[in-house]
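The structure under discussion is supplied below as structure tokens; questions concerning it will follow.
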Amino acid sequence: MKNLTLITHPLIQQNLTRLRDRATQPEEFRRALGEVAALMVYEATRTFATERVTVQTPLEKTRGVRLRREVLLVPVLRAGLGMLDPILRVIPHARVGFIGLKRNEHTLEAATYHKSLPEDLSGFEIILMDPMLATGCSAVSALDLMAERKAKRVRLVNLLAAPEGIKFVHQHHPEVPIFTAALDRKLNHKGYIVPGLGDAGDRLFGV
């Protein structure tokens with residue numbers, strides 16, 4: 001699929017297997033999710049724009065690079081919080097925004113209950129993070145919110161994705177690249193990813 005990157009690194013896939021296992025308890029689930037998120041962000045940020053700079057080493061001047069734009073991390077509440085701290089350890093200078101979305105279990109549509117974002121997003125490299133890309137409704141709602149604030153460079157990072165969710169996101173935002181560790185088979189009648197890993201938020205927080 002266009003604009004889809006499937007990350008198959010062995011360390012990611014090993015931890016993803018732990019996440020899928022229903023016997024994995026919340027503490028271990030949080031650890032494994034964090035390790036996957038930290039590894040995935042290397043691939044997701046590979047095409048960040050840089051610019052050349054000169055620095056003085058203890059011995060002489062040399063050329064290096066720095067990121068051209070400020071980075072904004074946006075977890076979708078609540079499950080996206082499990083990805084935030086591990087990615088912040090990789091990009092400690094990043095700013096953080098939040099989008100809270102709740103899915104209607106009958107219509108499967110997403111309703112916004114919280115948003116905390118800069119008013120103008122045009123100058124940022126943005127990483128939108130949510131462990132699951134199921135129906136795609138939450139992702140599209142978040143992307144719509146950011147588009148209203150002139151976001152131009154957004155990358156969507158998910159542990160798991162369903163074909164239906166990818167299709168829905170790219171119908172509404174075809175320019176957004178999606179990074180995922182697994183493309184699962186389908187959605188069931190409740191809108192859950194199959195085989196999936198259950199409700200990521202419930203398993204992350206134990207409730």
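The values are calculated or read from the model by the stated rules, or taken from the named source; none is laboratory data. Quick caveat, the model's predicted, so the values are computed rather than measured. Neighbour counts run over all protein chains shown; Cβ positions are idealised from the backbone, glycine included. With ligands, DNA and RNA removed, areas are computed over all heavy atoms of the protein, side chains included. Shrake-Rupley method; radii C 1.70, N 1.55, O 1.52, S 1.80 Å.
Give me the percent of accessible area attributable to carbon and sulfur for the chain, probe 1.4 angstrom. Provide the component values of the computation, followed by the final result.
Working: 5650 of 10910 Å².
Of all accessible area on the chain, carbon and sulfur atoms account for 52 percent.
For the chain, set up a GNM with springs between Cα atoms under 10 Å and report which of Arg66, Arg18, Arg95 has the largest fluctuation.
Arg66
Net charge around Asp184, counting only other residues with Cβ within less than 12 Å of its Cβ (Lys, Arg = +1; Asp, Glu = -1)? Could you put the intermediate results ahead of the total?
Numbers: positive: Arg20, Arg185, Lys186; negative: Glu164.
With Lys, Arg at +1 and Asp, Glu at -1, the neighbours total +2.
While we're here: Please compute the per residue accessible area over the chain with all protein chains in place, 1.4 Å probe, rounded to a whole number of Å².
On the way: 10910 Å² over 207 residues.
Heavy-atom accessible area per residue stands at 53 Å².
So, one more: For Lys150, go through the aspartates and glutamates and keep the ones whose alpha-carbon is under 18 Å away, minus same-chain ones fewer than eight residues off.
Partners within reach: Glu70, Glu119, Asp120, Glu125, Glu175.
Here is a further query. Got the relative contact order for the stretch 58-193 handy, in percent, Cα pairs under 8 Å and 6 or more residues apart?
Numbers: 254 pairs, mean separation 28.9, N = 136.
Value for the stretch 58-193: 21 percent.
Of the listed pairs Lys2/Lys152; Lys102/Lys167; Lys115/Lys190; Lys102/Lys186, which have alpha-carbon separations greater than 24 Å here? If you can, show how the numbers build up before the last one.
Numbers: Lys2/Lys152 18 Å; Lys102/Lys167 21 Å; Lys115/Lys190 26 Å; Lys102/Lys186 21 Å.
Listed pairs above 24 Å: Lys115/Lys190.
Something else about it: Apply the Karplus curve 6.51 cos²θ - 1.76 cosθ + 1.60, θ = phi - 60°, to the phi angles in the stretch 35-42 and return the couplings in whole Hz, x for Gly and Pro.
The phi angles translate into 5, 5, 4, 5, 6, 5, 5, 4 Hz.
GNM on the chain, C-alpha springs below 10 Å: top fluctuator among Val157, Val65, Val36?
In the Gaussian network model the winner is Val65.
How about the stretch 75-149: which GluC sites (Glu not before Pro) there are in a DSSP loop, with at most 16 other Cβ atoms within 10 Å of their Cβ? Numbers along the way, then the final one.
Working: sites: Glu105, Glu109, Glu119, Glu125, Glu148; in loops: Glu105, Glu109, Glu119.
Those satisfying the criteria are Glu105, Glu109, Glu119.
Just to verify a number: FRET efficiency for Tyr113 and Glu164, C-beta to C-beta distance, R0 = 22 Å, to 0.05?
Details: r = 24 Å, r/R0 = 1.08.
The formula returns an efficiency of 0.40 here.
Take the alpha-carbon centre of the stretch 158-182, take the same for the stretch 8-87, and report the distance between them in whole Å.
Using only Cα atoms to place each centre, the spacing works out to 19 Å.
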